Each structure stands twice: as structure tokens, then as C-alpha cells.
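Heads up: the structure comes next, in C-alpha cells.
The values are calculated or read from the model by the stated rules, or taken from the named source; none is laboratory data. Everything quoted here is computed from the prediction, not taken from an experiment. Methodologically, a virtual Cβ is constructed for each residue, glycine included, from the backbone with ideal geometry; neighbour enumeration extends over all protein chains shown. SASA here: full protein model, heavy atoms, side chains in, ligands and nucleic acids out. Shrake-Rupley method; radii C 1.70, N 1.55, O 1.52, S 1.80 Å.
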Amino acid sequence: MSESHANAPQKVIFEVLRYIPGVDAKPRMQSYEVPAPKGLTVLDGLLWIKENLDPTLSWRSSCRMGVCGSCAMFINGLPRLACANQVAHLHSDKIIIKPLPNYAIIRDLVPDLEPFFAKHAAIKPFLIRKNIEELDNPTGEFFQSKEELVNYIQFAYCIKCGACLSACPTVATDDAYLGPQALAQAWRYIADARDEGAAEREEEIFSAHGAFRCHFAGACSEVCPKGVDPAFAIQLMKQFMFKKKLGGCKEQHGSELAPPVENWVPKKEYPKAPEHSL
Amino acid sequence: MRESTLWFWHIIAGAVILVFLGLHMAIMHLDDILALLGTGYANTVSAATVFARSQQTFFMVTYIVLLGAALYHGLYGCRTILFELNIGKGLQKLINWVFTLAGVGLFVYGTYVAIYLYKMKEVLP
């Protein structure tokens, strides 16, 4: 065996779901042979196909480092980020890629995330305060202790990739179900000591298609690429509601404004922050 | 908030079932052990013992409570499964009515039987 041949990368088959509206009557699978050098991610493979074999192949991707959540796909039977999964780690010479299940397909590997973001918006994913004046004309920062941060921080790691909804068995049968992402985000804000909006969100999250439809299959937590545990958030939310019914929950009072920092001396080793440009 | 109230009672009914079904299981299936403790019946499933139990206030009350809890818990569970099948609002309303009527009807009938047996004076042969 010659040296060049010995160093040639192994080849893998990418079997990709193709669907171009107006051209394809229904989705079909198409195979591509892709060289797989060490470290090749599924996203790298797709980019190689687009550059070398088939420029019509479509998908979403952006950051290439597991931060933006754009490239979530159904890879070898599980929803995963294409950029965060190396071909070698999938332990198969055939990589089967489909768009995320439980969403309509726009084209090829591009799912329609419109319902996903509508559900996210429905739970009001922002701090709600009774004192609107302070929000409109802020005079300081709302206080939050390190312990209070721990109550919700893991749910704030959500990158909105949509993988959890595609793994959820309840979403598979009930389109209207809010789903693990929106519910976990609702809990992220309810558990935030600075928030006062639990009552405003309750109508949506405890509706007929809200938190009570979760069967605790736990598939959402299993597939989350950022290690968020939405199933846990939903159980905490149910517990919150149960305690409230028993009269064991105090009314939410958002934290007060933090006192201004006094006697603060900037460290010499740190460079000065640039002036505001806007 | 109606849904959270329904769900709240579903959980309460589940806890009630856990206690009373546990009691039922202990009496019906752990009779040998209970007999050793001096609390069991000789033959738990014979007609005479069933009748004797039914004439005690404690059992009459537990039968009614267990019946109510089991009906509510079970019917709410079935309703949840049906609601997840993407059915329309009209059908959801129909299911609510059918299940409510069926639940209330079965509860009234079961309660009537429990009270009837409790008040019955004549012991079965």
C-alpha cells in the first residue's frame, strides 16, 4: 500500500433526506460519499457535499460551535447539533440525516420553526415587573444573589435549537402542546427572583395544552445539546402549581434595586472599557 | 385556571387511591399475615365476609371514597389521552360532558350499592 493511499481519509455515506417543494412530490433519501478525515463533524460533511457534489442541498447553520442552535437535525436516529457531533463518534459508516421530526419541512433539512418560536413567545420570555416606570426609565439594577441565580441558570442555557420538541412524544401527537422548550423558559423566568410575572404566564402554561400534558418521558432532557433539563423544569412548575393550590406559595415579589456600588476602584491590570459608540 | 384545578384533584385522587387501594390489597391479599396479627378475616373472599365488611361504617366509607377517587383519576387520565389526539373543541366539550355524566352516574350507583349493603339487615346464606 502506498503512503498516500494509507493516509487517505476513510469514506462514509451521508444519506440525506431531500425535499424541494414544487419539485419533489414527497421527501426522498439521497446518498453521498464523503471523505471523513479525523475530526470531521456532520456539518463539515454537509458543507463538503454542498461545495463538491450538490449545491442544491439546504440546511440551517451559523456559528459552527454549538452556540447558535441553528443546525439541529435528526442524525442517526436522534436530534443533535450537526456541528457538535463528529462522524467518528457516531460509530457508523452510514450517517442518516433528516430534518427535525415534529416540524413541517420547508426544504431538505430545513424545518419550519415558526410554531416553536410562537410557543416561546406565548410564555412571555422576559422579566415582568409591576413597576413599569422602573423598566422604562431604569435607575439601577435589580438585586439577585448567587443563590437566586442557581435557581434558574441551567434553564437559561437554552439555545432554542428545537431538538427537545422534536424528541417529545406529546408534541408528536398534540401540535398545540407548548412543549419542553417554552415551558422550561417559563420556569426560567418564574424562578427568577427579579420576576413578578408568574400570574401573567399561568393562563398559558397551565392551559389544556400546557405543563399538565407532560408525561415525564424525559426525552427532551436526554437530547438537549446544552445539558438543560426541561423535564425537570416542568416538574418544578407542576410542584409550584400544586403548592399554590394548597396555599403554600407566597405571592411573587420581585427583588428590589441593588444598592449602588461604593468605594469601587478599577483594577489597574484591566484595560479601560471603550466608550459607548451609540 | 380550570385545568390546573382539575389536575390538582387528579393528584389528590392519586394519593387517596394509593392509601385506600393499599388497604384493599392488604385486606384481600395479605389475609394470612393479617390473621397472624389477629386482625384478618378467616376467608376474605367468601360472600359472608364480604357482606360482613360491607356492614361496617369504616368499610362503607372507604368504598365510597375509593370509588370517587378511582373514577375521577381514571376518567381524567382517559380524557387527557383523548385530548392529545388533536381533537377539535366540539369533541373536547362532548368528551367532558360524557365523562362527567358517566363519572357521576357510576359514582351515584356505586354509592347506592355501598349504602344499600350497609343498611341491609338480612345476612346472605
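Observations on the model:
- Axis of helix B:2-29 versus longest Cα principal axis of chain B: the two differ by about 20°, to the nearest ten degrees.
- Over the protein assembly as shown: Rg over Rh, Cα atoms, Kirkwood Rh: 1.12
- For the pair A and B, the buried accessible area comes to roughly 1500 Å² in total, with a 1.4 Å probe and the value rounded to the nearest 100.
- Positive-pole candidate from A:Ile20, A:Leu246, A:Asn151, dipole of chain A, charges at beta carbon: A:Ile20
- Out of every Cα-Cα pair that the stretch A:114-245 contains, those further apart than 22 angstrom amount to 34 percent.
- The fraction of accessible area contributed by carbon and sulfur in the protein assembly as shown is 62 percent, rounded to a whole number (1.4 Å probe; ligands and nucleic acids excluded).
- Neighbour net charge for A:Ile123 - beta-carbon separation under 14 angstrom, K R +1, D E -1: -1
- For the stretch A:10-111, the number of Lys pairs separated by eight or more positions or lying on different chains, with C-alpha atoms closer than 17 Å, is 6.
- The label-point distance for B:Leu106 and A:Asp54, in a model that sets each label 7 Å from Cα toward Cβ, rounds to 5.3 nm.
- Annotation: the stretch A:60-167 has a Kirkwood hydrodynamic radius of 16.7 angstrom, from the mean reciprocal C-alpha pair distance.
- Model label points for A:Lys146 and A:Met29, set 7 angstrom from Cα along the Cα-to-Cβ axis, are 5.2 nm apart.
- Relative to the Cα centre, the charge distribution of chain B, modelled as +1 at Lys and Arg Cβ and -1 at Asp and Glu Cβ, gives a dipole magnitude of about 440 debye.
- Compactness of chain B was expressed as the Cα radius of gyration divided by 2.2 N^0.38 Å, which yields 1.31.
- Gain on full stretching of the segment that runs from A:Gln154 to A:Ser92 - 0.36 nm per residue minus C-alpha separation: 19.1 nm
- Only Cα pairs under 8 Å and 6+ residues apart enter the sum, and on that basis the relative contact order of chain A stands at 16 percent.
- Database note for the protein assembly as shown: Cys without another Cys beta carbon under 4.7 angstrom, A:Cys71, A:Cys83, A:Cys158, A:Cys161, A:Cys168, A:Cys214, A:Cys224, A:Cys249, B:Cys78.
- Sites A:Thr173 and A:Cys68, calculated FRET efficiency, Cβ-Cβ separation with R0 25 Å, nearest 0.05: 0.25
- Computed from the C-beta positions of A:Ile13 and A:Lys226 and an R0 of 22 Å, the FRET efficiency is 0.15 to the nearest 0.05.
- Cβ-Cβ distance of B:Lys93 and B:Ile115, R₀ of 30 Å, FRET efficiency by 1/(1 + (r/R0)^6): the value works out to about 0.35.
- Once the chain from A:Ile20 to A:Leu135 is taken as fully extended at 0.36 nm per residue, the excess over their C-alpha distance is 36.8 nm.
- The charge dipole of the protein assembly as shown, taken about the Cα centre with unit charges on the Cβ atoms of Lys, Arg (+1) and Asp, Glu (-1), comes to about 680 debye, rounded to the nearest 20.
- Phi-derived couplings, Karplus 6.51 cos²θ - 1.76 cosθ + 1.60 at θ = phi - 60°, listed residue by residue for the stretch B:48-55: 5, 6, 4, 5, 4, 4, 4, 8 Hz, with x used for Gly and Pro.
- Around A:Arg201: net Lys/Arg minus Asp/Glu count, Cβ-Cβ under 10 Å: -4
- Cα-only Debye scattering, the stretch A:165-230: base-10 log of I(q)/I(0) at q = 0.16 Å⁻¹: -0.53
- For the stretch A:128-229, the dipole from Cβ point charges (+1 on Lys and Arg, -1 on Asp and Glu) about the Cα centre works out to 380 debye, to the nearest 20.
- The stretch A:25-91 versus the stretch A:208-272: alpha-carbon centroid distance in Å: 33 Å
- Listed residues B:Ile87, A:Ile75, A:Ile132 arranged by accessible area, highest first, probe 1.4 Å: A:Ile132, B:Ile87, A:Ile75
- Working from the Cα coordinates of the stretch A:10-111, the gyration tensor eigenvalues give, after taking √(5λ), semi-axes of 20, 16, 12 Å in decreasing order.
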